[in-house]
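The values are calculated or read from the model by the stated rules, or taken from the named source; none is laboratory data. None of these values were measured; they are calculated from a predicted model. Cβ atoms come from the backbone with ideal geometry, glycine included; neighbour counts cover every protein chain shown. Quick note on the areas: whole protein, heavy atoms, side chains included, nothing else; ligands and nucleic acids left out. Shrake-Rupley method; radii C 1.70, N 1.55, O 1.52, S 1.80 Å.
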Amino acid sequence: LYEEVRDMKKFGVLLEEYLDEYNMASTNSMKLVFFLDAMEHISRIARILRQPRGNALLVGVGGSGKQSLTRFACFMAEYQCFQIEL
């Protein structure tokens, strides 16, 4: 169910809770800073992944957090994340 985020501070707290859960469950802990753009990107990625056959092509410079935010959004949706290597 899609619901508009009305309070970004509450959303930030929710993301921090998910991050704590992720770091407890994962062997590789993530240290993310949830500034406004990052929170919006996580929200978009999570919404796309929850859709049937949802997929996205993330484009940007290296080191901008595309992979970390995608792994985090997968964790939030309780999906298993894997990477294809060529």
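Tell me the relative contact order for the chain as a rounded percent, counting alpha carbon contacts under 8 Å between residues six or more apart.
26 percent
State, to one decimal in nm, how far the label point of Ser68 lies from the label point of Gln80, with both points 7 Å from Cα in the Cβ direction.
2.6 nm
Evaluate 2.2 N^0.38 Å with N set to the residue count of the chain, then give the Cα radius of gyration divided by it.
Dividing the Cα Rg of the chain by 2.2 N^0.38 Å gives 1.08.
Within the stretch 1-77, what whole-number % of the accessible surface is contributed by carbon and sulfur, with the 1.4 Å probe and all protein chains included in the calculation? Could you put the intermediate results ahead of the total?
Numbers: 3120 of 5810 Å².
Heavy-atom surface of the stretch 1-77 belonging to carbon and sulfur, 1.4 Å probe: 54 percent.
Using θ = phi - 60° and the Karplus relation 6.51 cos²θ - 1.76 cosθ + 1.60, list the HN-Hα couplings for the stretch 41-56 in order, rounded to whole Hz, with x at every Gly or Pro.
5, 4, 4, 5, 4, 4, 5, 5, 5, 6, 6, x, 6, x, 8, 8
Per residue, what accessible area does the chain have, given a 1.4 Å probe and all protein chains present, in Å²?
82 Å²
With each run of n ≥ 4 DSSP H residues scored as -39500 (n - 2.57), what mean residue ellipticity at 222 nm is computed for the chain after dividing by its residue count and rounding to the nearest 500 deg cm²/dmol?
-16500 deg cm²/dmol
Please give the contour-minus-distance gain from Arg50 to Ser29: 0.36 nm per residue of separation, less the Cα-Cα distance, rounded to one decimal in nm.
Between Arg50 and Ser29, full extension yields 5.2 nm more.
Return the FRET efficiency for the residue pair Phe11, Leu58: r is the Cβ-Cβ distance, R0 is 22 Å, and the value is rounded to the nearest 0.05.
E(calc), rounded to 0.05, equals 0.60.
Summarise the long-distance tail of P(r) for the stretch 1-48 by giving the % of C-alpha pairs beyond 12 Å.
67 percent
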